[in-house]
Structures are given as structure tokens and as C-alpha cells.
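Trainee: Right, I'll just put the structure down here and ask away after.
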Amino acid sequence: MALVLFVSTTLAFTGCSKDDNSPIPIDNKTEYEGTWEADKLSYKAGDRERTHNYIDFPGENAVSQTDQLVLTKDKATLTEYFKRDGGKPTVTNGTIKNNVITFEKANYTPRTINGITNGQLSLTYNYTMMGSELPITVTYNRKK
């Protein structure tokens, strides 16, 4: 009986690893294929981490509605709705290679597909904000 309890306890602790919510690596491109809508934007400034609802992010690149990202095996299409443009859609195309999206516009930095966690796609890229370049992470929800 003591042996059964010992084995059960050991298995219970090994099954509850703290990294269970870490992103799932994208080995199969069909995992990320589809239409995604921007949900959250997060970044670290100094010692503080900040997270915003994507649509509430302030500044010169504020949007009037959430961005939409369409991914296929090796292509990406990003549709943005900047307030400064009156909310008209701006479409930018790109290619995907080794889980990195490279857009055709020269001022768009490459975006790394981190993985999928709890049905959300995560991208990280460098963004210039208030004269500083920061790595930001944007999470997207799959559009139904």
C-alpha cells in the first residue's frame, strides 16, 4: 500500500509541471493556418510589464478596430485599421519561413510566430515606441 501511495504521489507531481501553459512549438504549419484577430499586446518597459487590449493601445498606431491576420502555409496577409487613416483597411502582405513572417513593407520588422497556447497565436516583434525599440508580443484569437 505504501508503494502504491508513493508512486501515485510521484506521478501527481510530475503531471503538474509549471510549464504546461508554455507555447506549443509550431512543427506543423496547419496549426497556424487560418484567420486570426488581434486580442492583447504586451511589452516590458524597464521593470514593468504592461498588457493592453489590442484595440485600446494608444499612440500614433492606434486602431479603430482589431487587426486581422490571415496565415497560410507560407503567406501572411495583415489587415490593419488605423485611426489616423479614418479606419480604412490597410493590407500588407508577407511571407512565412521558419515561423518568421517578413512583410513587404520595409518599415515592418519581422514577426516571430512563438506558438499556440490555449487557442491563441502569439507573435513577437520589435516596435519603436517613444524613441525606444521594444520587443512586443501580440496574441491573436482564431476567428470562428
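Trainee: Output ³J(HN,Hα) for the stretch 129-144: one whole-Hz value per residue in order, computed from phi by the Karplus curve 6.51 cos²θ - 1.76 cosθ + 1.60 with θ = phi - 60°, and x for Gly and Pro.
Mentor: 9, 6, x, 10, 9, 10, x, 10, 10, 10, 9, 10, 9, 5, 6, 8
Trainee: Next question, about the same structure. How long is the gain from Glu60 to Thr35 if the chain were fully straight, where each residue apart is worth 0.36 nm and the alpha carbon distance is subtracted?
Mentor: 6.5 nm
Trainee: Still on this structure: Mind checking the per residue accessible area of the stretch 62-137 for me, 1.4 Å probe, whole number of Å²?
Mentor: 54 Å²
Trainee: Sort Lys105, Lys75 from largest to smallest accessible area, using a 1.4 Å probe on the heavy atoms of the protein chains.
Mentor: From most accessible down to least: Lys75, Lys105.
Trainee: Sticking with this one: Starting from the stretch 76-144, pick out the chymotrypsin sites (Phe, Trp or Tyr not before Pro) whose DSSP state is loop and whose Cβ has at most 13 other Cβ atoms within 10 Å.
Mentor: none
Trainee: Let me cross-check Asp39: its accessible surface, 1.4 Å probe, with only protein heavy atoms counted, in Å² to the nearest 10?
Mentor: Looks like 40 Å² after rounding.
Trainee: Let me ask something additional. Taking the Cβ of Glu37 as the centre, find all other residues whose Cβ is under 13 Å away and add up their charges (Lys, Arg: +1; Asp, Glu: -1).
Mentor: +1
Trainee: Here is a further query. Efficiency by 1/(1 + (r/R0)^6): what FRET value for His52 and Thr72, r their Cβ-Cβ distance, R0 = 30 Å, to the nearest 0.05?
Mentor: Given R0 = 30 Å and the Cβ-Cβ separation, E is 0.60.
Trainee: Next question. Report in % the part of the accessible area of the stretch 34-80 that belongs to carbon and sulfur, leaving out ligands and nucleic acids; probe 1.4 Å.
Mentor: Carbon plus sulfur share of accessible area: 42 percent.
Trainee: For Glu80, Glu104, Glu133, write out the residues from largest to smallest accessible area, computed with a 1.4 angstrom probe and no ligands counted.
Mentor: Glu104, Glu133, Glu80
The values are calculated or read from the model by the stated rules, or taken from the named source; none is laboratory data. Keep in mind that what you see is a predicted model, and the values were worked out from it rather than measured. Here Cβ is always computed from backbone atoms with ideal geometry, including for glycine, and neighbour counts include all displayed protein chains. Note: areas computed on protein heavy atoms with side chains; ligands, DNA, RNA excluded. Shrake-Rupley method; radii C 1.70, N 1.55, O 1.52, S 1.80 Å.
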